[in-house]
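Contents: one structure, followed by commentary.
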Amino acid sequence: MTVLLKLYPPSWRRRYGEELGALIDAQPVSIGNTIDVISGAIDAWIHPQLIAIIQPATTAKGEKPMSAENLRFRCAGYQPHITRTDQRKSAATMLIATVVLSLGWMWLHVRTHGAPYVDAFSLMPFLAGWLLSMRYTYLKERSGPAQAIFMAGSIGILTLLFGLAGWITSRI
Amino acid sequence: MKKTDIDRELDEFGRFSEPALLILISLVEGPKHGYAMTEDIAGIADLRLGPGTLYGAIARLESRGLIEPMSAEDRRNPYRITALGEQALRIRLTAILNVARIGQRRLATA
């Protein structure tokens, strides 16, 4: 039944794979346990932030090394505390921004009679909405300037890429 | 009854809040690895947690700093309850006890 561990996200397997495998091996194979492990894998994919923290190796005395503690806060393991209210705000921001920007894009599309540059930006409303919603999730607890730089930078890069796609399309 | 932030954190575990509470109760006795927790919980609550449920709750408790891993023993990794975990457990058990008292009082007068 340990083959079911492959259903878990790689980062989750790195952190808990060995011990979960040991627990599965120690228990009898049953339909109930199989369903439980599969639903656990689905949950792990839905909640990646649970294992986002870098888990430092503990020493014999159970003390965490300082470098590992620093990495916990400085590296990719940054994990904001996202509440249900944050999730609702994030979903609302994404939905509203996507609808408003889509309406703007549709208006431009009609006005320009489907110009290649405008068409190239058709995915932008969804991506921009997603980036803006990060304020309440991945970017929560980051400083205002850091949030602004991340979101504006990402939107800037996307604008360049979509602009390039529009330029190529207009040349064909 | 006003809920504290710590108590609310356990509520946010959703379907994992009951397994998380049982894990905290199990660990308050002393550090245990996954299998030992499953056996202990089966003994105290007559409930056998599946591996996926157990580790879903462990990941949530660990991410909130309510439990922490110790040095690994071969493939198994024991966990212990933290001071914050003890505080969360104390608050939750007091809340449950209060609700139980009110329920019993109402049953007695019904």
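Rule-based calculations on the coordinates, nothing more; no lab input. Quantities reported herein were computed from a predicted structural model and do not represent experimental measurements. Positions of Cβ are generated from backbone atoms using ideal geometry, with glycine treated the same way; all protein chains shown enter the neighbour counts.
Scan region B:56-67 and give yes if some residue there is at the interface with chain A (Cβ under 9 Å from one of its Cβ atoms), closer than 19 Å to A:Asp43 by Cα and free of Cβ contacts under 8 Å to residues at least 12 places away in the same chain, otherwise no. Yes, region B:56-67 contains a residue that is at the interface with chain A (Cβ under 9 Å from one of its Cβ atoms), closer than 19 Å to A:Asp43 by Cα and free of Cβ contacts under 8 Å to residues at least 12 places away in the same chain.
Of the listed requirements (1) in a loop (DSSP other than H, G, I, E, B); (2) small (Gly, Ala, Ser); (3) farther than 24 Å from A:Thr83 by Cβ, B:Gly65 misses just one: (3). For region A:113-151, which positions are over 27 Å from A:Ala165 (Cα atoms), surrounded by fewer than 16 Cβ atoms within 10 Å (Cβ to Cβ) and touching a residue at least 12 places away in the same chain (Cβ under 8 Å)? Listed by number, the list holds a single entry, A:Glu141. Beta carbons closer than 7 Å, at least 6 apart along the sequence or on distinct chains, pair a first residue in region A:27-38 that is within 9 Å of chain B (Cβ to nearest Cβ) with a second that is hydroxyl-bearing (Ser, Thr, Tyr) for A:Asp36/B:Thr53. When region B:33-46 is limited to residues that are more than 11 Å from chain A (Cβ to nearest Cβ) and under 13 Å from the mean Cα position of the chain (by Cα), the one that is nearest to A:Ile35 (Cα to Cα) turns out to be B:Ile41.
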